[in-house]
Amino acid sequence: MADAGSNTGSDLLFGRLKPQAPDALLALISLCNADPRPTKIDVGVGVYRDPQGGTPILRAVKRAEQILHDTQETKAYLGAEGDARFVELMRELVFGGTSRDAHIVGVQTPGGCGALRLGAELIKATGADARIFIGQPTWPNHAPLIGCAGLPMVDYKYYDRDSHTILFDEMMQALEGARAGDVVLLHGCCHNPTGADLSLDQWDRVTAFMAERCLIPFVDLAYQGLGNGLEEDAAGTRMAVERCNQALVAHSCDKNFGVYRDRTGSLFVKVTSEEVAKVAYGNLLSLARTMWSMPPDHGAAVARIILDTPELRADWEAEVKEMCARIRSLRTRLAAFDPRLAYINEQNGMFSMLPLSPEQVKALQTEEGIYMAGSGRFNVAGLSDANVDRFAQAVVAKL
Ligand code: LMR
């Protein structure tokens with residue numbers, strides 16, 4: 001029998017690991033939780049809060065969970081594709097109507113992160129030397145997720161934080177440098193971290209250019225319904241997928257169904273023929289099998305029940321509208337507070353960026369108990385009626 005202690009001191013495996021910095025965004029959750037000040041303000045991670053500052057489970061979700069509890073008869077495996085009816089309903093939500101394009105295949109994924117990772121792995125699996133063009137700044141987890149699959153990334157400047165504007169000409173110029181078959185990561189709506197979305201005219205120009213140059217859109221659609229409405233927020237994605245003969249869309253239900261921790265998402269891939277669609281679908285299943293085998297069921301089952309039950313669907317749509325309207329009214333309120341915050345009203349969704357240095361962000365944390373990302377990104381939807389003015393006052397004092 002091997003002596004358990006015989007190799008003490010010769011650490012050939014785990015001792016080789018390099019320390020990793022905690023994820024800066026997720027670290028804000030525990031930092032804020034540990035702050036005893038009752039006046040603290042959490043505008044870090046993207047979670048919607050109601051006027052009282054809570055993140056209650058949506059009415060439609062609670063009712064669907066009850067139905068699921070009462071009617072679910074088995075928890076036997078579904079397969080790597082997840083809940084097929086959920087995927088069908090998501091396809092309609094993303095692409096509109098009763099979209100049945102046979103060139104588009106879809107699978108359920110563990111949240112939008114799973115969809116992004118699976119999409120990156122699928123691109124890698126093609127063996128093509130595709131690069132991914134990424135506008136900066138972007139969600140800090142984009143590069144790690146895509147980088148994990150080993151895809152080369154090309155950064156370009158998307159937004160100027162000081163003038164609060166999209167650098168559209170620079171974006172188009174950067175895409176001039178892309179080769180046919182390269183992939184372009186686009187935020188479908190509610191750009192994270194800036195809130196600065198392409199206008200429909202800009203979507204029109206960029207997608208026409210991409211179609212002409214055979215560039216492939218990879219759209220991250222994680223906030224559908226929270227910018228300007230469910231249909232409006234899908235307009236750019238639909239334009240990109242209609243125009244380009246190949247495309248990927250990573251969709252998340254985290255925010256619009258408020259099922260954050262249930263990890264509910266889907267990935268759609270548009271290919272050039274029905275034959276390729278079958279092969280691509282098979283590849284998605286085998287890649288998913290090696291990463292998570294099968295996606296978690298609960299959130300997808302709940303979203304399916306909601307969308308398949310007219311009364312619940314109507315209630316959910318009303319709740320999404322309420323969240324959207326509340327974010328809009330918070331934006332208006334912040335913008336009215338000081339002319340230097342006026343731009344916030346022109347932006348969409350949960351996030352906007354403040355032109356603050358990391359030191360100023362840190363000072364807001366220690367002096368005021370205000371927790372936001374080091375980049376100056378703050379979660380508009382994290383403010384409550386009681387703290388929005390105090391937040392604006394503290395921020396303006398630093399500008
Ligand atoms: C965010 O950007 O705050 C959210 O998308 C949560 C996350 O996973 O980072």
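The values are calculated or read from the model by the stated rules, or taken from the named source; none is laboratory data. A quick note: this is a predicted structure, and the numbers were derived from the prediction, not measured. Because the Cβ atoms are built from the backbone with ideal geometry, glycine has one as well, and the counts that use them run over all protein chains shown.
Tell me whether the range 159-170 contains one or more residues that are within 16 Å of the ligand (Cβ to nearest atom) and either surrounded by 14 or more Cβ atoms within 10 Å (Cβ to Cβ) or more than 30 Å from ALA318 (Cα to Cα) (or both).
Yes, the range 159-170 has at least one match.
Just for the range 248-284: of the residues that are touching a strand residue (DSSP E or B) at 6+ places or on another chain (Cβ under 6 Å) and over 23 Å from LEU307 (Cβ atoms), which one is farthest from the ligand (Cβ to nearest atom)?
Ranking the candidates gives ALA277 first.
Restricting the search to the range 63-99, which residues are surrounded by 13 or more Cβ atoms within 10 Å (Cβ to Cβ), in a helix (DSSP H, G or I) and of a type in the set (D, E, K, R)? Spell out how you get there, then give the answer.
Within the range 63-99, the subset surrounded by 13 or more Cβ atoms within 10 Å (Cβ to Cβ) is 63-65, 67-68, 78-96, 99.
Filter again for in a helix (DSSP H, G or I), leaving 63-65, 67-68, 84-95.
Residues satisfying the conditions are ARG63, GLU65, ARG85, GLU88, ARG91, GLU92.
Of all the residues that make up the range 174-203, how many are out of contact with any strand residue (DSSP E or B) (no Cβ under 8 Å at 6 or more places or on another chain), within 30 Å of GLY127 (Cα to Cα) and not in a loop (DSSP other than H, G, I, E, B)?
Total satisfying the criteria: 2.
Across the range 204-234, what is the total count of residues that are under 14 Å from the mean Cα position of the chain (by Cα) and either in a helix (DSSP H, G or I) or within 16 Å of the ligand (Cβ to nearest atom) (or both)?
Looking only at that region, the number is 11.
Select from the range 320-365 the residues that are part of a helix (DSSP H, G or I) and within 16 Å of the ligand (Cβ to nearest atom) and list them in ascending order.
MET323, ILE327, VAL361
Take the residues in the range 331-363 that are in contact with a helix residue (DSSP H, G or I) (Cβ under 6 Å, 6 or more places away or on another chain) and free of Cβ contacts under 8 Å to residues at least 40 places away in the same chain; name whichever of them is surrounded by the most Cβ atoms within 10 Å (Cβ to Cβ).
By that ranking, first place goes to ALA335.
Quick one: in the range 372-387, of everything that is among the hydrophobic types (A, V, I, L, M, F, W, C) and modelled with pLDDT of 95 or more, which residue is farthest from the ligand (Cβ to nearest atom)?
The extreme case among them is LEU383.
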